[in-house]
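Encoded as structure tokens, the structure appears first; notes follow it.
The values are calculated or read from the model by the stated rules, or taken from the named source; none is laboratory data. Fair warning: this is a prediction, and the values are worked out from it, not measured in the lab. Using ideal geometry, Cβ is built from the backbone for each residue, glycine included, and neighbour counts are taken over all protein chains shown. Side chains included, ligands, DNA and RNA excluded: accessible areas come from the protein's heavy atoms. Shrake-Rupley method; radii C 1.70, N 1.55, O 1.52, S 1.80 Å.
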Amino acid sequence: MKMLETEYKFLVSKEKFERIINRIKEKYPDLEIRERLQINYYYDTDDHYLLDRHTTLRVRQIGSELSLEMKESVLSAKDYSEAIETCRKIDSLTNDITLKDGKFAWIPFSLQGNLVTKRCSIKPSDSLSIDFDVNYYLGKCDYEIEMEFTEKAHKATSILVEKLGLMKYKNKVGGKARRFFMQKSEMFKE
């Protein structure tokens, strides 16, 4: 399955994270809040072939379900991020992956490590999903708020971001994979 993902991403302090999640719960008191644990297993070459091309290859585990996912960032001047995401179910986790087709075919990618996310999701509409992620990787913990939206919900999402005062926390570092690989590089420098 292939899709275009559009989302705002914000890296915030633990205190800001808790304030925003409480405000969202107050704003949408009747909505179901889904909590889950997910593990992203990241694959790349040792010299970061995919990362250098703004691409993430991961196996995402939720419960006993595994899916192989490739996320290719679309570089643009928009105030939100866009990525083309391709995913399919798989049966097992392996140490090495070689894709059989596409522009990264026949390049051997190896498991580089994992990132564990405790995710709390609230879906105010079919066009907007808000995820509150506590991420644990390589001895580090960070707090991220993601608002994934469809094109028809962009304006309403933008207004919500403004009301919550989140734009100044816009993630300029990069997604979970980039932060994981940055931390891994820092560890090997020491």
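Of Ser67, Ser92, which residue is among the polar types (S, T, N, Q), assigned to a loop (DSSP other than H, G, I, E, B) and at negative phi? Going through Ser67, Ser92 in turn, the sole match is Ser92.
Taking the listed residues Lys78, Lys103, Lys71, Lys89, the one that is open to solvent by 70 Å² or more (accessible area, probe 1.4 Å) and at pLDDT 95 or above is Lys89, with no other qualifying. Within the stretch 87-106, does at least one residue satisfy the condition of being among the hydroxyl-bearing types (Ser, Thr, Tyr) and touching a Lys or Arg at 6+ places or on another chain (Cβ under 6 Å)? No, the stretch 87-106 contains no residue that is among the hydroxyl-bearing types (Ser, Thr, Tyr) and touching a Lys or Arg at 6+ places or on another chain (Cβ under 6 Å). Out of the residues in the stretch 27-47 that are assigned to a strand (DSSP E or B) and among the β-branched types (Val, Ile, Thr), state the one that is least open to solvent (accessible area, probe 1.4 Å). Among residues in the stretch 27-47 that are assigned to a strand (DSSP E or B) and among the β-branched types (Val, Ile, Thr), the one least open to solvent (accessible area, probe 1.4 Å) is Ile39.
Within the stretch 159-190, being polar (S, T, N, Q) and either assigned to a loop (DSSP other than H, G, I, E, B) or in contact (Cβ under 8 Å) with a residue 24 or more places away in the chain (or both) holds for Asn171, Gln183. Scanning the stretch 106-136 for residues that are part of a strand (DSSP E or B) and more than 16 Å from the chain's Cα centre (by Cα), we see that the one that is surrounded by the fewest Cβ atoms within 10 Å (Cβ to Cβ) is Pro108.
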